[in-house]
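The values are calculated or read from the model by the stated rules, or taken from the named source; none is laboratory data. All of these numbers come straight from a predicted model, not from anything done at the bench. As a convention, Cβ positions derive from the backbone with ideal geometry for all residues, glycine included, and neighbour counts pool all protein chains shown.
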Amino acid sequence: MPTDTLSAMRQSIIDGAPDTASNLAQQAIAAGLAPIDAINNGYVPGMHDVGEQFAKGQMYLPDMMASAEAMRAAMAVLDPELRKLGTERPKAGVVVLGTTKGDIHEIGKILVGTLLTAHGFQVHDLGVDVAGEKFAAKAREVNADIVGVSALLTTTMRNQRTVVEALEKAGLRSQVKVMVGGAPVTRRWAEEIGADGYAANAMSAVTLAQELMQQKLQAVVTQPA
Ligand code: HCB
């Protein structure tokens, strides 16, 4: 994708300009450019800039909200394009997705859900501010293979542990893999809370989900009769 298009996409997020973000996404689709390239190399870097400026006190909450709006406007155009790819593939697995209790950040989680869908996973998105018990109840209802838990705040990432615990309490832990992600989350944290994996971005979440499905399959094959 041309670098000036990517930097215009990035700038539309920094400016909190939904119309520009949406128009640029439409132009990219019309020109046959890859939606995932626009997201990863255009819009997401804009979100990261916004986070850094907010941390330095150079941006305030309303600015960050406007940037999130712009990101949503771009995603509204790109999401259906990415999802189309999923219908062409066999079902890869069932995933329950959500953001932890106390946390309303949803952009990264939505992106993970979109890419999983594009790769053939059936995704049940519980939204934001989701308690551990709700993850477990949905996992039981839809016979989930994987539960994906997002957390963007250092104060809410500890609630990822409560999701693992809720699955244990519901007797589902042996059949449901748990993957965690979100800006403050690390591989080490995933290990510490007993999750099965950590993904730094939406594309690695897809790779991780595919690996976790392989592990589930292996476990079935090697189980004594
Ligand atoms: Co928010 N916010 N925010 N925020 N916010 C962050 C997260 C800070 C880091 C900004 C900063 O200080 N630098 C900071 C957290 C500091 C901390 O805890 N260490 C922060 C703060 C402090 C707050 C409030 C407390 C501000 C306030 O009210 N004073 C408040 C909290 C509200 C709450 O949740 N209770 C708040 C509010 C907001 C909004 C509402 C304005 C808005 C969210 C809008 C929305 O989602 N609808 C917002 C935003 C946009 C951000 C930043 C700027 C961007 C987040 C984002 O969308 N990133 C963020 C700064 C940052 O993260 N650098 C800032 C882009 C996506 C694509 O990345 O990391 O979310 P991602 O997801 C990736 C990746 O992590 C992974 O794949 C995704 C896709 O590539 N992944 C998974 C994510 N989940 C996964 C799950 C899996 O299973 C696997 C992989």
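Which residue, of Ala139, Ala170, Ala205, Ala131, is within 13 Å of the ligand (Cβ to nearest atom) and either in contact (Cβ under 8 Å) with a residue 40 or more places away in the chain or not aromatic (Phe, Trp, Tyr) (or both)? Break it down stepwise before answering.
Working: Ala139 fails: within 13 Å of the ligand (Cβ to nearest atom); Ala170 fails: within 13 Å of the ligand (Cβ to nearest atom); Ala131 fails: within 13 Å of the ligand (Cβ to nearest atom).
Step by step, each of Ala139, Ala170, Ala205, Ala131 is checked, and only Ala205 is within 13 Å of the ligand (Cβ to nearest atom) and either in contact (Cβ under 8 Å) with a residue 40 or more places away in the chain or not aromatic (Phe, Trp, Tyr) (or both).
Condition check ((1) within 12 Å of Gly132 (Cβ to Cβ); (2) near the ligand (Cβ under 10 Å from one of its atoms)) across all residues:
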position	(1), (2)
Gln160	yes, yes
Val164	yes, no
Ser174	no, no
Glu191	no, no
Ala199	no, yes
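Summed over region 191-204, the residues that are in a helix (DSSP H, G or I) and at pLDDT 95 or above give a count of 2. Residues of region 188-225 that are surrounded by fewer than 15 Cβ atoms within 10 Å (Cβ to Cβ), over 16 Å from the mean Cα position of the chain (by Cα) and closer than 19 Å to Thr100 by Cα: Arg188, Glu191, Glu192, Gly194.
Give Arg173, Arg161, Arg188, Arg140 a once-over and let me know the one that is of a type in the set (Lys, Arg) and in a loop (DSSP other than H, G, I, E, B). Testing whether each residue is of a type in the set (Lys, Arg) and in a loop (DSSP other than H, G, I, E, B) leaves just Arg173.
Taking the conditions exactly as written (within 20 Å of Phe121 (Cα to Cα), surrounded by fewer than 17 Cβ atoms within 10 Å (Cβ to Cβ) and touching a residue at least 24 places away in the same chain (Cβ under 8 Å)), does Arg89 satisfy them or not? Considered against the rule, which asks whether it is within 20 Å of Phe121 (Cα to Cα), surrounded by fewer than 17 Cβ atoms within 10 Å (Cβ to Cβ) and touching a residue at least 24 places away in the same chain (Cβ under 8 Å), Arg89 comes out as yes.
Are any of the residues in region 143-156 out of contact with any Pro (no Cβ under 8 Å at 6 or more places or on another chain), surrounded by fewer than 18 Cβ atoms within 10 Å (Cβ to Cβ) and at pLDDT 90 or above?
yes
In region 1-33, what residues are among the charged types (D, E, K, R) and in a helix (DSSP H, G or I)? Please lay out each step first, then the result.
In the first step, residues of region 1-33 are kept if they are among the charged types (D, E, K, R); the result is 4, 10, 15, 19.
Within region 1-33, Asp4, Arg10, Asp19 meet the criteria.
Only a single item in (1) more than 12 Å from the ligand (Cβ to nearest atom); (2) more than 30 Å from Gly132 (Cα to Cα); (3) buried (at least 18 other Cβ atoms within 10 Å of the Cβ) is not met by Ile14, and it is number (1).
Filtered by the rule that a residue be within 16 Å of the chain's Cα centre (by Cα) and surrounded by fewer than 16 Cβ atoms within 10 Å (Cβ to Cβ), region 57-79 gives a lone residue, Ala76.
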